[in-house]
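Engineer: Starting off with a structure, shown below.
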Amino acid sequence: GQDKVRDQAFSAILGGVANAFDLTKEDPETVARYDTAPLVRPDAISRKWNNYNNYVDNAKSLGKLLLLARRLCEQGCGFVTVSTNFVWDMHADVNNATMTEGMSYMGPPLDHAVSAFLEDTRSRGLDEKIMLVATGEMGRTPKINAKGGRDHWGGITPLLLSGGGINTGQVIGQSTKDGGRPASSPFGNSHLIATILHTLLDVGELRTVTGLPSDVSQILSRYQPINGLH
C-alpha cells in the first residue's frame with residue numbers, strides 16, 4: 001500500500017504538478033489580482049492577541065494559496081485543500097480577537113481571494129470542472145459572549161459551494177432568525193460528501209467499478225446530494 005502511494009506521489013511530481021508551484025510562470029496581473037497581503041497590514045493587527053502571527057499569515061498567504069490551488073487543478077490534481085493559520089475562533093480571549101475586530105482581519109482576505117478564484121476559473125472555462133467548497137468544522141454561537149466574542153457552536157455551520165456545474169446564486173435551506181439552528185430540513189456531512197461525488201464523478205460508471213472501498217460504496221448507495229444544486 002505504501003509503495004502505491006509513493007508511486008502516485010512521484011508520478012504527480014514528475015508529471016508536471018511541481019510546475020504549479022512556480023508563480024513566476026503566472027501572469028503578473030493574475031498574481032496581483034489574487035494578492036491579499038495589502039488588505040490587512042501587519043501593523044494594523046493588534047499584537048495583544050497571541051494569535052497575531054496567525055492573523056498575519058492568513059492575510060499574506062490566502063490569496064496566493066488559492067492561486068496555487070487553481071494551478072494544481074490545471075495540472076491534474078483531483079482534490080486540493082487550502083488552509084492558512086486561520087483564526088476564525090474569535091473568542092475574545094488572550095489568543096483571539098473579538099468578533100468585530102477578528103472579522104476585520106479575516107473577512108477581507110476571504111472575500112477577496114474567493115472572488116478572485118471564481119472570476120479566474122470562470123474566465124478560463126474551468127468553473128464547470130472545478131468545485132469550490134468553503135466551510136469550517138463548526139459554527140459559532142448565535143450570541144456574543146461577555147467579552148465580545150463568539151464561541152464554538154455545533155448547531156449550524158457555514159457552507160459555500162460554487163462551480164462544478166451546480167446551480168449557483170441561491171441560498172438553500174433556512175436557519176432560525178438568530179442563525180443558531182436549521183429551520184428547514186438540515187443537511188449534514190453526508191449530503192456534502194454525496195454532492196461532491198455526484199458533481200465531480202460519473203456515479204453511474206463508478207458503481208460498476210469493482211474493489212471500491214466500502215465507505216465509498218456506502219456513500220454512493222445511501223447518501224443523497226443537497227437538493228436544488230443540480
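Engineer: If you take every residue apart from Phe10 with its C-beta less than 15 Å away from the C-beta of Phe10, what net charge results, scoring Lys and Arg +1 and Asp and Glu -1?
Structural biologist: Result for the local shell: 0.
Engineer: Could you sort 89-100, 119-130 so that the peptide with the highest average Cβ count within 10 Å comes first and the rest follow in order?
Structural biologist: The most tightly packed comes first, giving 89-100, 119-130.
Engineer: Which net charge results for the neighbourhood of Asn51, defined as the other residues with beta-carbon distances under 12 angstrom from its beta-carbon, given Lys and Arg at +1 and Asp and Glu at -1?
Structural biologist: That sum, taken over residues with Cβ under 12 Å, equals -2.
Engineer: Ranking request for peptides 166-174, 203-211: highest mean number of other beta-carbon atoms within 10 Å first, then the rest in descending order.
Structural biologist: 166-174, 203-211
Engineer: With charges only on Cβ, +1 for K and R and -1 for D and E, what is the dipole size of the chain about its Cα centre, in debye, rounded to 20?
Structural biologist: Here the chain has a charge dipole of around 500 debye.
Engineer: Still on this structure, I have one more. Run the count for the chain, please: Lys pairs, Cα-Cα under 25 angstrom, 8 or more apart or on different chains.
Structural biologist: Final tally of qualifying lysine pairs is 9.
Engineer: Another one. Compute, for Leu68, the solvent-accessible surface of its heavy atoms (probe 1.4 Å) with the complete set of protein chains present, and express it in square angstrom to the nearest 10.
Structural biologist: 20
Engineer: Still on this structure: Using the scaling law 2.2 N^0.38 Å as the reference, what is the normalised Cα Rg of the stretch 64-114?
Structural biologist: 1.45
Engineer: Another one. If you take the charge dipole of the stretch 161-230 about its Cα centre, with +1 on Lys and Arg Cβ and -1 on Asp and Glu Cβ, which of Leu197, Pro225, Gly164 is farthest toward its positive end?
Structural biologist: About the Cα centre, the residue reaching furthest to the positive side is Pro225.
The values are calculated or read from the model by the stated rules, or taken from the named source; none is laboratory data. Please read all numbers here as calculations on a predicted model, not as lab measurements. Glycine gets a Cβ as well: all are built from the backbone with ideal geometry, and neighbour counts include every protein chain shown. SASA here: full protein model, heavy atoms, side chains in, ligands and nucleic acids out. Shrake-Rupley method; radii C 1.70, N 1.55, O 1.52, S 1.80 Å.
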